[in-house]
1. Treat each spin label as a single point 7 Å out from the Cα along the C-beta direction, and report the residue 71 to residue 107 distance in nm.
2. Given the Cα-Cα distance of residue 185 and residue 137 and 0.36 nm per residue of separation, how much length would full extension add, in nm?
3. Alpha carbons only, please: Rg and Dmax for segment 78-134, in angstrom.
4. Suppose R0 equals 25 Å; then what is the FRET efficiency for residue 173 and residue 64 from their Cβ-Cβ distance, rounded to the nearest 0.05?
5. For segment 92-191, with every protein chain kept in place, what is the accessible area per residue (1.4 Å probe, Å²)?
Amino acid sequence: MWSFITIALTHGEILIDCKSSNGWRNAIHLPYGLGMDSAGFSISAHSVSLMAKDRLNSEEKAPAFVSNWIETTDARIHCVSSGEGPLILFVHGFPSFWYCWVRQLEVLRHRYQVVAIDAPGAGATTCANAVEPYRVSALAAQIHQLIQIVAPGRQVLLVGHDWGAALAFAVAQAFPEEIAGVAGIASLPFNQI
């Protein structure tokens, strides 16, 4: 089974088109105006994030993916997880949410515990109303807290794309004892911490 989501910002709305080889298709049109704040966009992204998880689980008797929220000091982080074994934590770039990793999650969940997050301020994760929680050091601390909750006493593999890669490298720099490895895809070339 293949599936994908296309997201486009056009003519004052967000078009989200979901398709798969088994025939389901769902198109959503969300209003998006210049006056829309980050909370309004986050609510829309939250709905899309949860819909994607439901669509992914729709063909299986027992859910393949579990949706959770992890409470950290500065955020309530939404994550989708599956599988058992060594942990791989996926961090998306901008603008995206956990579903951008769906193909990797599908393949790797049979040999690993896979966790894909909605980064702070994206998808179903809470949005801060201040700038400070979005500083790289604060974001790295949030991911570190998440790792301590999801995989206490275990090292994890971090995989990031775009700004998610920059964040993955920042976590590895700040907390190397908890990181088994880092993969950065289309990452930023400068030191974050």
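1. 3.8 nm
2. Numbers: separation 48, 0.36 × 48 = 17.28 nm, distance 2.02 nm.
Length difference between fully extended and current span is 15.3 nm.
3. Cα-based Rg and Dmax for segment 78-134 come out at 12.5, 39 Å.
4. On the way: r = 33 Å, r/R0 = 1.33.
FRET efficiency, residue 173 to residue 64: 0.15.
5. Values: 4740 Å² over 100 residues.
Here the residues of segment 92-191 average 47 Å² of exposed surface.
The values are calculated or read from the model by the stated rules, or taken from the named source; none is laboratory data. Worth saying up front: this structure is predicted, and the values here are computed from it rather than measured. For neighbour counting, all protein chains shown are included, and Cβ atoms are generated from backbone atoms with ideal geometry for every residue, glycine included. Each accessible area value is taken on the protein alone, full model and side chains, heavy atoms only, with ligands, DNA and RNA left out. Shrake-Rupley method; radii C 1.70, N 1.55, O 1.52, S 1.80 Å.
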